[in-house]
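The values are calculated or read from the model by the stated rules, or taken from the named source; none is laboratory data. In this text, all values refer to a predicted model and were calculated from it rather than measured experimentally. Counting neighbours? That spans all protein chains shown, and the Cβs are built from the backbone with ideal geometry, glycine included. Note: areas computed on protein heavy atoms with side chains; ligands, DNA, RNA excluded. Shrake-Rupley method; radii C 1.70, N 1.55, O 1.52, S 1.80 Å.
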Amino acid sequence: MSRRADESDELTSLLQALPAPEPSAELLAGARRRYLEAIEARDRRAVLTGLAAAVVSLVVLATLLTTAIEPAALVAWLAEAAADLARWVTGVGVVIDLVPLSIWMSVVLGSTASVLSLVLIARARWLALMK
């Protein structure tokens, strides 16, 4: 085992001893450009693979939903969800109309002050950790 390692070290030292000119700037620029293009192509393939997987999973999910649930039941559930949402929006509108503006302003200012104080505390802790 050590004999093979010695041969490898000897070969490495012989190869390093060979005089070789520095690669030209044009060669280095071309190699860098090809390397960046290969990285971009790999990233593009990864994104397209993820997108294809997402589309396939959505199609499978839609197929399973339509076979497991009747389409009429699905439409009825969506209509019921839309009606619930409309009820909630109407309720929020009524509450906004009934509560005076001065109370809303005090609530907004109090919430803003509490959020800002939490942000300042978090920032101070972060700065203390960075030291």
Requested in this report: Subtracting the Cα-Cα distance from 0.36 nm times the residue separation, let me have the gained length for residue 42 to residue 120 in nm, one decimal.
Outcome: 23.9 nm
Report summary line: One finds the C-alpha centres of segment 92-131 and segment 1-69 to be spaced, in Å, by 48
Requested in this report: Please work out which option in (i) 1.13; (ii) 2.36; (iii) 1.48 gives Cα Rg over 2.2 N^0.38 Å calculated from these coordinates, and answer with its label.
Outcome: (ii)
**Report entry** Computed lengthening from residue 98 to residue 27, 0.36 nm per intervening residue step minus Cα-Cα distance
**Finding:** 18.1 nm
Report task. Taking the chain as the reference, fit the longest principal axis to its C-alpha atoms, fit the long axis of helix 2-17 to the helix C-alpha atoms, and give the angle between the two in degrees, 0 to 90, nearest 10. Result -> 80
Requested in this report: Take the solvent-accessible surface of the protein heavy atoms, probe 1.4 Å, and return the percent of it on the chain that carbon and sulfur atoms account for.
Outcome: 71
Query raised in the report: If one takes the longest principal axis of the Cα atoms in the chain, at what angle in degrees, from 0 to 90 and to the nearest 10, does the Cα axis of helix 25-68 lie?
Result: 40
Query - Unit charges on C-beta of K, R, D, E only; dipole of the chain, Debye - result: 380
Requested in this report: Taking the dipole about the Cα centre of the chain, with the C-beta of Lys and Arg at +1 and of Asp and Glu at -1, give me whichever of 110, 98, 59 is farthest to the positive side.
Outcome: 110
